[in-house]
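The structure follows.
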Amino acid sequence: MRSHEFISFVFLALSIFSPLQSIGLLRRAMTHPSFSEESNKALSILGANVIETSVSLQSLTKNLDISSKDLNRLISEMSNVESSCAVDGMRLALQKVVRVSPKTNSSSPSVVCGAFRAIFGAIAVDTQMADEAGNVFWRVHSGQIGRALAL
């Protein structure tokens with residue numbers, strides 16, 4: 001499957017679970033800074049903040065008395081590049097579609113994690129709703145979207 005076909009496939013799978021309308025935003029989310037100045041860096045920052053906010057909100061909704069130490073630990077676990085972020089990104093096969101320079105390893109956890117986070121930044125920008133991006137994050141993290149892509 002060619003890269004543009006795979007991007008279309010990922011776009012289709014994500015659109016089932018979110019109202020993402022802009023394939024241009026998804027393309028940018030799948031562009032590492034080593035490939036182009038028009039990269040996923042800013043979307044990745046936004047996506048990381050969406051994930052942290054979503055984890056905080058869900059944790060506090062479940063337990064308003066959670067300690068700040070426990071909340072920070074949960075946020076760190078969910079934001080960890082190698083044990084969470086890159087694992088979710090690999091399940092989506094982002095390493096096969098993220099655009100990188102020839103000298104960059106697309107399977108590197110930091111590359112996959114950056115693309116993974118950028119997806120949620122793209123959803124937040126496209127929908128103008130960080131909550132929607134957070135909801136999609138939970139569906140991806142729980143495996144719903146990963147199973148759809150495996151089909």
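Looking at the range 79-92, can you tell me whether even one residue there is touching a strand residue (DSSP E or B) at 6+ places or on another chain (Cβ under 8 Å), surrounded by 13 or more Cβ atoms within 10 Å (Cβ to Cβ) and under 21 Å from PHE35 (Cα atoms)?
No, every residue in the range 79-92 fails to be touching a strand residue (DSSP E or B) at 6+ places or on another chain (Cβ under 8 Å), surrounded by 13 or more Cβ atoms within 10 Å (Cβ to Cβ) and under 21 Å from PHE35 (Cα atoms).
Give LEU71, LEU43, LEU60 a once-over and let me know the one that is part of a helix (DSSP H, G or I) and within 19 Å of the chain's Cα centre (by Cα).
After ruling out the rest, the residue left standing is LEU43.
Then there's this: Determine, yes or no, whether LEU43 is crowded, with 17+ Cβ neighbours inside 10 Å, out of contact with any strand residue (DSSP E or B) (no Cβ under 8 Å at 6 or more places or on another chain) and modelled with pLDDT under 85.
So LEU43 does not fit the description; no.
Among (1) closer than 15 Å to ALA48 by Cβ; (2) among the aliphatic types (A, V, I, L, M); (3) at pLDDT 90 or above; (4) in contact with a Phe, Trp or Tyr (Cβ under 9 Å, 6 or more places away or on another chain), where does VAL125 come up short?
With respect to (1) closer than 15 Å to ALA48 by Cβ; (2) among the aliphatic types (A, V, I, L, M); (3) at pLDDT 90 or above; (4) in contact with a Phe, Trp or Tyr (Cβ under 9 Å, 6 or more places away or on another chain), VAL125 is out only on (4).
Just need a number here: residues in the range 93-110 that are part of a helix (DSSP H, G or I) and surrounded by 23 or more Cβ atoms within 10 Å (Cβ to Cβ).
Qualifying residue count, the range 93-110: 1.
Could you grab the pairs with beta carbons closer than 8 Å, sequence gap of 6+ or different chains, first residue in the range 24-39 and outside any helix (DSSP H, G or I), second one acidic (Asp, Glu) and surrounded by fewer than 17 Cβ atoms within 10 Å (Cβ to Cβ)?
From the range 24-39, the pairs are THR31/GLU38.
The values are calculated or read from the model by the stated rules, or taken from the named source; none is laboratory data. Fair warning: this is a prediction, and the values are worked out from it, not measured in the lab. Here the Cβ is made from the backbone with ideal geometry for all residues, glycine too, and neighbour counts use every protein chain on show.
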